[in-house]
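Some notes on the structure that comes next.
The values are calculated or read from the model by the stated rules, or taken from the named source; none is laboratory data. The shown structure was predicted, so the numbers you read here are calculated from the model rather than taken from an experiment. Reconstructed Cβ throughout: ideal geometry from the backbone, glycine too, with neighbour counts over all protein chains shown. When the accessible area is computed, the model is the full protein with side chains, heavy atoms only, and any ligands, DNA or RNA have been set aside. Shrake-Rupley method; radii C 1.70, N 1.55, O 1.52, S 1.80 Å.
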Amino acid sequence: MKPGIYHDISNADYHATSAINASFLKSWVLYSPFHAKYGKNDISKLVADLGTATHSMALQPELNLVEMSTEKTRATKAYKEHEARCVEEGKVLLTQKDFEMVQGLVNGVETDDGEIVGGLMGDPHCKKLLTEKDRVCEASIFVNDPRTGQLKKARPDIFSEKLGMMGDVKTCQDASPKKFGREIFMRGYHLQAAHYLLCAEEHGLKIKNWGFLAVQKTWPFLAHFHMLDDYVLDYSKQICRAAYEEMQRAEEAGIYDTRWPSFSKHELPEYLDN
């Protein structure tokens with residue numbers, strides 16, 4: 001791919017291109033070059049479909065890329081035939097139960113009192129970014145790293161130059177400041193944010209801030225908008241730049257190690273040393 005921003009590349013075609021992406025970077029930093037180079041991140045088709053459907057319904061509802069099946073399970077012949085047609089059309093098919101859950105994740109649910117609560121659209125900050133007039137969703141950004149010349153890529157869920165904000169939708173078990181705040185650093189989400197922002201800046205986009213649009217996967221699907229402090233973003237960008245340079249050296253040498261010692265010697269742990 002040539003450097004630039006593309007609006008007509010499917011998610012599958014984007015992932016098929018060869019360039020440094022956020023997942024590779026996170027694995028490189030959090031685990032090792034070996035894990036990044038040779039590891040695989042397999043998730044079930046149902047989990048993948050629910051994630052895709054949530055993103056589609058939240059980011060591009062006008063495209064109607066999510067359909068609901070009248071079948072009660074995904075195992076029937078009718079469901080599989082319907083699903084095959086959806087795949088050809090670039091759509092996601094869900095059972096009624098899963099479809100209604102995704103609707104709740106995005107638009108909230110109705111309580112016994114008739115009040116609509118929860119969902120991404122129920123959080124004012126998430127809603128503001130998701131409905132901003134100049135928002136751009138699912139764009140593919142390709143840039144050459146200014147230091148190493150390596151091709152990098154990013155596919156942010158959404159960004160708005162008017163707001164100077166780029167964001168990523170995350171479904172989670174707990175969207176609270178404490179729990180999700182911990183997840184950000186445990187899962188390397190701060191590195192993803194830094195990588196995306198670096199790609200945006202190097203392309204010339206006027207984006208300075210980052211937000212995670214987190215929504216819980218359990219009823220009533222509470223959502224919360226999480227930002228990263230400027231210091232955190234600066235720190236994370238430094239980690240990314242160092243990783244890019246390490247990737248270049250590894251590629252030149254053809255060596256992707258685990259960072260483990262040649263062997264390990266273990267002492268008796270304290271809880272056994274009575």
Residue 197 - would you say it is in contact with a strand residue (DSSP E or B) (Cβ under 8 Å, 6 or more places away or on another chain), assigned to a helix (DSSP H, G or I) and modelled with pLDDT of 95 or more?
yes
Filter the stretch 216-236 down to residues that are in contact (Cβ under 8 Å) with a residue 12 or more places away in the chain, open to solvent by 80 Å² or more (accessible area, probe 1.4 Å) and part of a loop (DSSP other than H, G, I, E, B), then give me how many there are.
3
For the stretch 97-117, does any single residue satisfy the condition of being touching a residue at least 60 places away in the same chain (Cβ under 8 Å) and exposed (fewer than 15 other Cβ atoms within 10 Å of the Cβ)?
yes
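Restricting attention to the stretch 68-82, does a residue exist that is in a helix (DSSP H, G or I), aromatic (Phe, Trp, Tyr) and within 19 Å of residue 96 (Cα to Cα)? It would help to see each step written out before you state the result.
Of the residues in the stretch 68-82, the ones in a helix (DSSP H, G or I) are 77-82.
With the extra rule that they be aromatic (Phe, Trp, Tyr), the set shrinks to 79.
Within this subset, residues satisfying the condition of being within 19 Å of residue 96 (Cα to Cα) are 79.
Within the stretch 68-82, one or more residues are in a helix (DSSP H, G or I), aromatic (Phe, Trp, Tyr) and within 19 Å of residue 96 (Cα to Cα).
For the stretch 28-54, enumerate the residues that are open to solvent by less than 40 Å² (accessible area, probe 1.4 Å) and either in contact with a Gly (Cβ under 8 Å, 6 or more places away or on another chain) or not hydroxyl-bearing (Ser, Thr, Tyr) (or both).
28, 33, 36, 48, 49, 50, 51, 53
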Have a look at 75, 36 and point out the one that is without any contact (Cβ under 8 Å) to a residue 12 or more places away in the chain and either over 19 Å from residue 221 (Cα atoms) or aromatic (Phe, Trp, Tyr) (or both).
75
Search result, residues across the stretch 237-274 that are loosely packed, with under 10 Cβ neighbours inside 10 Å and among the charged types (D, E, K, R)
252, 259, 265, 267, 270, 273
Which condition number does residue 151 fail, the rest of (1) open to solvent by less than 20 Å² (accessible area, probe 1.4 Å); (2) touching a Ser or Thr at 6+ places or on another chain (Cβ under 8 Å) being met?
(1)
Considering only the stretch 11-22, state which residues are touching a residue at least 12 places away in the same chain (Cβ under 8 Å) and open to solvent by 50 Å² or more (accessible area, probe 1.4 Å).
11, 18
